[in-house]
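**Q** I'd like to ask some things about the structure below.
The values are calculated or read from the model by the stated rules, or taken from the named source; none is laboratory data. Computed from a prediction, not measured in an experiment: that's the story for all the values here. Cβ placement follows ideal geometry from the backbone for every residue including glycine, while neighbour counts extend to all protein chains displayed. Side chains are part of the model used for accessible areas, which takes the heavy atoms of the whole protein and leaves out ligands, DNA and RNA. Shrake-Rupley method; radii C 1.70, N 1.55, O 1.52, S 1.80 Å.
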Amino acid sequence: MYMITFRLAVPRGEQAAASDVGELLRVHFTPDDRIEHLWAHPTVGNVDLALFLLADNEAEALLVARAACQRALERTPWLARWRLPDS
């Protein structure tokens, strides 16, 4: 199991409870993502995420976690302006 962390950039003037963000993201995760747990914590202007997932190696875990989060952002109108880091 691997833990992958991201910091979502929240657009100025928007905010959300971590539980809301977590639930909005989880809706779009699939069994193939193999995400076992998602932790979300709001900070000023961001939401910190930690995803725990099963993967063969860390690189695969990072790619799967990023793709799952990006898919969720793109499919959730309320989060459409939120961004993952570029790297």
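**Q** Kindly establish whether residue 24 is open to solvent by less than 20 Å² (accessible area, probe 1.4 Å) and free of Cβ contacts under 8 Å to residues at least 60 places away in the same chain. Please lay out each step first, then the result.
**A** Details: open to solvent by less than 20 Å² (accessible area, probe 1.4 Å): no; free of Cβ contacts under 8 Å to residues at least 60 places away in the same chain: yes.
The answer is no for residue 24.
**Q** To continue, here is another question. Going by what's in this entry, would residue 55 be described as of a type in the set (A, V, I, L, M, F, W, C), open to solvent by less than 60 Å² (accessible area, probe 1.4 Å) and touching a residue at least 24 places away in the same chain (Cβ under 8 Å)? Spell out how you get there, then give the answer.
**A** Numbers: of a type in the set (A, V, I, L, M, F, W, C): yes; open to solvent by less than 60 Å² (accessible area, probe 1.4 Å): yes; touching a residue at least 24 places away in the same chain (Cβ under 8 Å): yes.
Taking the combined requirement at face value, the residue satisfies it.
**Q** A further question follows. Answer yes if at least one residue in region 6-18 is at pLDDT 95 or above and open to solvent by less than 50 Å² (accessible area, probe 1.4 Å), and no otherwise. So that I can check it myself, show each step before the final result.
**A** At the first step, the residues of region 6-18 found to be at pLDDT 95 or above are none.
Scanning region 6-18 turns up no residue that is at pLDDT 95 or above and open to solvent by less than 50 Å² (accessible area, probe 1.4 Å).
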